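Q: I have a structure here, written as C-alpha cells, and I will follow up with some questions on it.
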Amino acid sequence: MDHIQAFLLGLLQGLTEFLPVSSSGHLALGSHFLGIEEENNLLFTVAVHGATVLSTIVVFRKDIWDLLKALFSFKWNEETQYIAKLIISMVPIGLAGVFFKEDIESLFDGNIVFVGGMLLLTAILLSFTFFFKNKNNKEVGFKDAIIIGIAQACAVVPGISRSGSTIATGLLLGDKKESVAKFSFLMVLAPIIGANLLEVVGGDLTASSSVSVSVLITGFVTAFVSGLLACKWMINIVKKGKLIYFAIYCAIIGLISIFVG
C-alpha cells in the first residue's frame, strides 16, 4: 500500500463511517478497485477505525465528559439513564459478535455484487424516512434503544450502513432528529473500540508488516480529519431531513457494483 492508496482509503473510512452510505461496503469496494488484499490490511484497518473513534470523541467530548461524571455519581438521573440506554443498544451487536463472528467475517470476501445488493437495501431504508415522516418529537427511550441496537447489529453486513440504519430506525420510531444522530454516534464507540482490541489481540498484525509507519499515519490523519468534518456535517443533514439524497447515492453505487461485479 502506498500513500495515495492510504489517503483514499482513509478518506473513504472517515467520510463513510458517519455518512449513511456504509463504511465497510465502501472500504471493500475501495480495496477491490485499488487492488489491495483485505487480509493483508489488518493493521491499516485498525488504524483508520481508531481515527474515526477519536473524531467521534472530539465532536462529542462535552457529552462524553458529562456522562462519565454522571457514571461515578452513582445516581439514577437523566445521564445515567442515557448510559443505560447506550449499554442496552450494544447488546445485539455484542451477541452477534460472540455467536456469529465467523459467519460475519465470511461476508467480507470482496464480493462486490453482494455489497451492491446491500447498498440497495440501505437505499430503501433511507427512503423510508422520506416517504414515511413522523413528528420526531421524543427522546430515545429504552425500547427504542434496543430496536436501534438491533439495526446496528444488522449493519455488520458490508453494504448496510450503520449510521444510516440506526438513524433511519430512530427517525421511523419518532425520535428527535438531533437526539437520534447523537445516540447513533455514541452507541458505536464501545463496539468499535472492543472490536479493534480483539483484532489487535487475536489478529495477525504481522500480515500488515509491509505497511510503513508513514503510510499508516497518512491513513490515520486522513480518516480523522475527514471523520471530524463528516460527523458534524451528518448531524446538520439529519436535522434538515435530507437523507433521501444518500438513498439515491447508495442506489447508484449499489447498481454500479452489481453491474461491475
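Q: Restricting to the stretch 210-227, what's the tally of residues that are within 18 Å of R162 (Cβ to Cβ) and surrounded by fewer than 20 Cβ atoms within 10 Å (Cβ to Cβ)?
A: Qualifying residue count for the region: 0.
Q: Is it the case, given these coordinates, that I112 is touching a His at 6+ places or on another chain (Cβ under 8 Å), among the β-branched types (V, I, T) and touching a residue at least 60 places away in the same chain (Cβ under 8 Å)?
A: Against the criterion (touching a His at 6+ places or on another chain (Cβ under 8 Å), among the β-branched types (V, I, T) and touching a residue at least 60 places away in the same chain (Cβ under 8 Å)), I112 qualifies.
Q: Quick one: how many residues across the stretch 152-168 are under 20 Å from K239 (Cβ atoms) and either aromatic (F, W, Y) or without any contact (Cβ under 8 Å) to a residue 24 or more places away in the chain (or both)?
A: 1
Q: Residue check: is N134 in contact with a strand residue (DSSP E or B) (Cβ under 9 Å, 6 or more places away or on another chain) and at pLDDT below 90?
A: yes
Q: Report yes if some residue within the stretch 137-153 is more than 20 Å from H49 (Cα to Cα), in a loop (DSSP other than H, G, I, E, B) and among the β-branched types (V, I, T); otherwise report no.
A: Yes - at least one qualifying residue is present in the stretch 137-153.
Q: State yes or no: is E79 farther than 14 Å from I167 by Cα, modelled with pLDDT under 85 and part of a helix (DSSP H, G or I)?
A: Judged against the criteria, E79 is not a match.
Q: Here is a follow-up. Residues to consider are I235, I258, I248, I252; find the one that is of a type in the set (V, I, T), in a helix (DSSP H, G or I) and free of Cβ contacts under 8 Å to residues at least 12 places away in the same chain.
A: Within the list I235, I258, I248, I252, the selection yields I252.
Q: Right, another one. Which residues, taken from the stretch 154-180, are under 12 Å from the mean Cα position of the chain (by Cα) and in a helix (DSSP H, G or I)?
A: C154, R162, S163, G164, S165, T166, I167
Q: Could you tell me which numbered condition L120 fails, if it satisfies all but one of (1) more than 18 Å from V238 (Cβ to Cβ); (2) at pLDDT 85 or above; (3) surrounded by 22 or more Cβ atoms within 10 Å (Cβ to Cβ)?
A: Only one criterion in (1) more than 18 Å from V238 (Cβ to Cβ); (2) at pLDDT 85 or above; (3) surrounded by 22 or more Cβ atoms within 10 Å (Cβ to Cβ) is unmet by L120, namely (3).
Q: Do we have any residue at all in the stretch 86-104 that's closer than 27 Å to I252 by Cβ and either modelled with pLDDT under 85 or surrounded by 18 or more Cβ atoms within 10 Å (Cβ to Cβ) (or both)?
A: yes
The values are calculated or read from the model by the stated rules, or taken from the named source; none is laboratory data. These numbers were taken from a predicted model, which means no experiment stands behind them. FYI the Cβ positions are ideal-geometry reconstructions off the backbone, even for glycines, and counts take in every protein chain you see.
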